[in-house]
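Since the structure comes first, as structure tokens, the remarks are kept for the end.
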Amino acid sequence: MPLPLIWLILALGLAGAEALTGDMFLLMLAGGALAASGSSWLFDLPLWADGVVFLVVSVLLLVLVRPALRRRFELGRGLPEPVKALEGKSALVLDRVTQHEGQVKLDGEVWTARPLNDHDVYEPGDQVTVVRIDGATAVVFKTM
């Protein structure tokens, strides 16, 4: 079996194993194996030279790329949680909203609702604002 193909199989195996761990360590090693595969194919280097390419590229990826990727993922710069995205939105009261009952139309969907202050009552047709989502219930208050 040609040496570049062995490095490529190793790279794919490491990348696949990364899917199980999610630590980005094996992904950096897969990048090193991919670089060794490419250099072995392009330059027909001996095995020890491929090993040096693998080592150098893997260390560079681990030191330079991995910390930046981990910071990026830990900051949570993805999409907001769907429930969090509803907070602050306007809703229309469909059924009378009291401490123990009520429904609002929020983003085209019907939600059970309760007022932020237990003594408040909102009538059908009132416009309210969602303060938070508590389970499957929208906690709302009326904007004046």
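The values are calculated or read from the model by the stated rules, or taken from the named source; none is laboratory data. A quick note: this is a predicted structure, and the numbers were derived from the prediction, not measured. Every residue, glycine as well, gets a Cβ built from its backbone with ideal geometry; the counts of neighbours run over all protein chains shown. Areas reflect the complete protein model, heavy atoms only, side chains present, ligands, DNA and RNA absent. Shrake-Rupley method; radii C 1.70, N 1.55, O 1.52, S 1.80 Å.
When Leu45 is tested against (1) over 18 Å from Ile9 (Cβ atoms); (2) open to solvent by less than 90 Å² (accessible area, probe 1.4 Å), only condition (1) is not met. For Phe141, the conditions (1) touching a Leu at 6+ places or on another chain (Cβ under 8 Å); (2) within 30 Å of Asp23 (Cβ to Cβ) are fulfilled apart from (2). Of the residues making up region 74-83, not a single one is among the aliphatic types (A, V, I, L, M), touching a Phe, Trp or Tyr at 6+ places or on another chain (Cβ under 7 Å) and open to solvent by less than 70 Å² (accessible area, probe 1.4 Å).
Each row is one residue, and each column tells you yes or no for (1) farther than 12 Å from Val140 by Cα; (2) in a strand (DSSP E or B); (3) open to solvent by 60 Å² or more (accessible area, probe 1.4 Å).
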position: Gly88; (1), (2), (3): no, no, no
position: Ala91; (1), (2), (3): no, yes, no
position: Leu94; (1), (2), (3): yes, yes, yes
position: Gln99; (1), (2), (3): no, no, yes
position: Lys105; (1), (2), (3): no, yes, yes
position: Trp111; (1), (2), (3): no, yes, no
position: His119; (1), (2), (3): yes, no, yes
position: Pro124; (1), (2), (3): yes, no, yes
position: Val128; (1), (2), (3): no, yes, no
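With the structure loaded, tell me whether Arg70 is farther than 29 Å from Pro4 by Cα, part of a helix (DSSP H, G or I) and either at pLDDT 85 or above or in contact with a helix residue (DSSP H, G or I) (Cβ under 6 Å, 6 or more places away or on another chain) (or both) or whether it fails that test. Yes, satisfied.
If you go through region 14-36 and keep only what is at pLDDT 95 or above and not hydrophobic (A, V, I, L, M, F, W, C), you end up with Gly31, Gly32. The combined condition, being within 22 Å of Leu64 (Cβ to Cβ) and open to solvent by 60 Å² or more (accessible area, probe 1.4 Å), is fulfilled by Leu10.
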